[in-house]
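What follows is a single structure, written as structure tokens, with notes after it.
The values are calculated or read from the model by the stated rules, or taken from the named source; none is laboratory data. What you see is a predicted model; the values in this text were computed from it and never measured. Glycine gets a Cβ as well: all are built from the backbone with ideal geometry, and neighbour counts include every protein chain shown.
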Amino acid sequence: MSFNPEEYDSWYERHRDIYEAELRALEDIVKKYPSPKLEIGVGTGRFASVLGIEYGVDPDGEMLKFAERRGIKVIKAMGEDLPFRANKFYLVLISTTLPFFKDAKRVVREAYRVLKPQGAIVIAFIPRDSYFGRKYTEMGKEGDERFRDAHFYTLEEVEKLLENLFYITRMRSTLIGEEIRLEVKDGYDPDASFVVVEGVKIQNL
């Protein structure tokens, strides 16, 4: 998977209404947790910088240059092997990068490891059967190298990733339907192209 950092970052300016709806879906959950916080797959820092997330990891060094300029403490690393001690963070965010992990279950286990007791994982994902999920999947099938190897998840698959590690405590949905309605709804909407799942770390595993 390879995104041009400037093109990727400018997408959010060209689609500011979508970006702001995604932020609204995330902020009530993310901002209630104290620091320190981490974003896995931080990219250019578009979400972390606005949501008050101090740390970010990503395998793309060019992306990280953007995030660093936005004030994020960045480390070039894979989500499957986080360069942090156990019990360091109150929150770990994974936003829209889930389809690109080689081993998503291992990433979730690593998030569990670095989270403090009562810490939370927040996964914001594009459901496979949503408007954008179908669009990007089709683009991958047609040879778009950005999405060729991407695996978009269903809610049931995300729940399976969190199973036995996190209690799911809240969901939020936005970008509803093919007309991309921008309201943010509590709970899971099957027509949403952006779904946020909050899970609190299970203790004594």
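Within segment 179-205, can you find the residues that are over 17 Å from V107 (Cα atoms), in contact with a Ser or Thr (Cβ under 9 Å, 6 or more places away or on another chain) and surrounded by fewer than 20 Cβ atoms within 10 Å (Cβ to Cβ)? I180, R181, L182, E183, K185, D186, G187, Y188, P190, D191 - these are the residues of segment 179-205 that are over 17 Å from V107 (Cα atoms), in contact with a Ser or Thr (Cβ under 9 Å, 6 or more places away or on another chain) and surrounded by fewer than 20 Cβ atoms within 10 Å (Cβ to Cβ). With F89, F125 as the choices, which residue is closer than 24 Å to Y153 by Cα, touching a strand residue (DSSP E or B) at 6+ places or on another chain (Cβ under 9 Å), at pLDDT 95 or above and crowded, with 23+ Cβ neighbours inside 10 Å? Answer to the selection: F125.
V92 - would you say it is outside any loop (DSSP other than H, G, I, E, B), within 30 Å of N204 (Cα to Cα), under 16 Å from the mean Cα position of the chain (by Cα) and touching a residue at least 60 places away in the same chain (Cβ under 8 Å)? When the stated conditions are applied, V92 does not pass them. Taking the listed residues I75, I53, the one that is closer than 22 Å to R106 by Cβ, β-branched (V, I, T), free of Cβ contacts under 8 Å to residues at least 24 places away in the same chain and not in a helix (DSSP H, G or I) is I75, with no other qualifying.
Of the residues examined, R109 is not one that is more than 16 Å from L162 (Cβ to Cβ), surrounded by fewer than 22 Cβ atoms within 10 Å (Cβ to Cβ) and not polar (S, T, N, Q). Against the list (1) out of contact with any Gly (no Cβ under 7 Å at 6 or more places or on another chain); (2) under 24 Å from V30 (Cβ atoms); (3) without any contact (Cβ under 8 Å) to a residue 60 or more places away in the chain; (4) hydroxyl-bearing (S, T, Y), the condition S130 fails is (3). Scanning segment 156-175 for residues that are crowded, with 18+ Cβ neighbours inside 10 Å and under 17 Å from P190 (Cα atoms) gives V158, M171, R172, S173, T174, L175.
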